[in-house]
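Structure first, commentary second.
The values are calculated or read from the model by the stated rules, or taken from the named source; none is laboratory data. Every value quoted in this text rests on a predicted model; they were computed, and no experiment measured them. Using ideal geometry, Cβ is built from the backbone for each residue, glycine included, and neighbour counts are taken over all protein chains shown.
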Amino acid sequence: MATDDEEDTGETTTDEDIGASEARFESPINVTLGISKDFILPQLSWYHFSKIPKKMKITNTGHTLILSAKYKEERPYISDGPLLGKYVFSQLHFHWGCNNMEGSEHTVDGAAFPGEMHVVAFKSCYLTQESALKEKDGVVVISYLFKLQNSSNPILQRILEAIPEVKDANTSYKVQPWPLSHLVMEFQNDYFIYWGSVTSSGCQHFVLWFICRCPIGASLEQMEAFRTLKDLDGKPLTRNFRAITPLNERHIFHVNPSANKHSTLYPLPLSNKRRY
């Protein structure tokens, strides 16, 4: 997982009833819809994602493309649902492949997607993401899978049009700030969670994963734009996703499922659908 050193606070996470296992919590996994277990929880709450940041930038780390932001006041955060406390936004980043038949870290019923966006948040009481990664309840990652569409996604394009400025690894570029809510789907119900991990500085860290049922639309040209980035060796940055790992004894929980819970990843109530 990419990390971000920019300031902030964060609090959080869930209880042992969800089945956390320290021994075998690798990620990513194949999300098998038919074996997920229904789990009824309070609605997930989102705060300040509609605020315009003071500053916003994209960074090519040589491993991924990161979007980070600084705020004049309180950062966006999530709470409730399976979370015990407040989790503040740290950064979001992307994964993609060398073609549109691959790219996502997670698969759904064995099917891969052309890309995946991860929104990283950490528990406010740990103050920084770096400190939070050392704690079992320190970090959550919200996954949004990409779906190809004919038209360009105008919000995603705001990021991609700046890619020429960060084509080389270890470069950053300030972009015009815009609300994260334009890209980050604020779902309250009908999502999946499981205990897993992220990799940072060569180490695995215990995190709670959220899988959103609403995909992010992207055109063929937009997916190709990600592949123009360079890695640390100056080569095309592609296939920056990890291999699928076994579920082992863990469970996948479907939180507050809708009526079409075992159909596909996508069908959602109209109130949860994104306009792109």
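Among the candidates Ser124, Ser143, Ser152, which residue alone is farther than 26 Å from His205 by Cα, crowded, with 16+ Cβ neighbours inside 10 Å and touching a strand residue (DSSP E or B) at 6+ places or on another chain (Cβ under 9 Å)? Let's see the steps before the verdict.
Working: Ser124 fails: farther than 26 Å from His205 by Cα; Ser143 fails: farther than 26 Å from His205 by Cα.
From the options Ser124, Ser143, Ser152, the qualifying one is Ser152.
One line per residue, one yes/no per condition, for (1) more than 27 Å from Val31 (Cβ to Cβ); (2) in contact (Cβ under 8 Å) with a residue 24 or more places away in the chain; (3) part of a loop (DSSP other than H, G, I, E, B):
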residue: Ile142; (1), (2), (3): no, yes, no
residue: Phe146; (1), (2), (3): no, yes, no
residue: Asn150; (1), (2), (3): no, yes, yes
residue: Ile155; (1), (2), (3): no, yes, no
residue: Asp168; (1), (2), (3): yes, yes, yes
residue: Trp178; (1), (2), (3): yes, yes, yes
residue: Ser181; (1), (2), (3): no, yes, no
residue: Val184; (1), (2), (3): no, yes, yes
residue: Phe187; (1), (2), (3): no, yes, yes
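Sort through Ser197, Ser271, Ser201 and tell me the only one that's in contact with a Ser or Thr (Cβ under 6 Å, 6 or more places away or on another chain) and either modelled with pLDDT under 95 or surrounded by 14 or more Cβ atoms within 10 Å (Cβ to Cβ) (or both).
Details: Ser271 fails: in contact with a Ser or Thr (Cβ under 6 Å, 6 or more places away or on another chain); Ser201 fails: in contact with a Ser or Thr (Cβ under 6 Å, 6 or more places away or on another chain).
Selected residue: Ser197, the only one of Ser197, Ser271, Ser201 that is in contact with a Ser or Thr (Cβ under 6 Å, 6 or more places away or on another chain) and either modelled with pLDDT under 95 or surrounded by 14 or more Cβ atoms within 10 Å (Cβ to Cβ) (or both).
Would it be correct to say that Phe113 is part of a strand (DSSP E or B), in contact (Cβ under 8 Å) with a residue 40 or more places away in the chain and among the hydrophobic types (A, V, I, L, M, F, W, C)? Break it down into steps so the answer makes sense when it comes.
On the way: part of a strand (DSSP E or B): no; in contact (Cβ under 8 Å) with a residue 40 or more places away in the chain: yes; among the hydrophobic types (A, V, I, L, M, F, W, C): yes.
No: the conditions fail for Phe113.
Does Glu186 qualify as being under 17 Å from the mean Cα position of the chain (by Cα), modelled with pLDDT of 95 or more and of a type in the set (D, E, K, R)?
Answer is yes for this residue.
Since Ser151 meets every condition but one in (1) in contact with a helix residue (DSSP H, G or I) (Cβ under 7 Å, 6 or more places away or on another chain); (2) under 20 Å from Arg227 (Cα atoms); (3) not aliphatic (A, V, I, L, M), which condition does it not meet?
All conditions are met except number (1).
For Glu249, are the conditions met, namely being loosely packed, with under 15 Cβ neighbours inside 10 Å, more than 17 Å from the chain's Cα centre (by Cα), at pLDDT 90 or above and within 18 Å of Ser104 (Cβ to Cβ)? Break it down stepwise before answering.
Working: loosely packed, with under 15 Cβ neighbours inside 10 Å: yes; more than 17 Å from the chain's Cα centre (by Cα): yes; at pLDDT 90 or above: yes; within 18 Å of Ser104 (Cβ to Cβ): no.
When the stated conditions are applied, Glu249 does not pass them.
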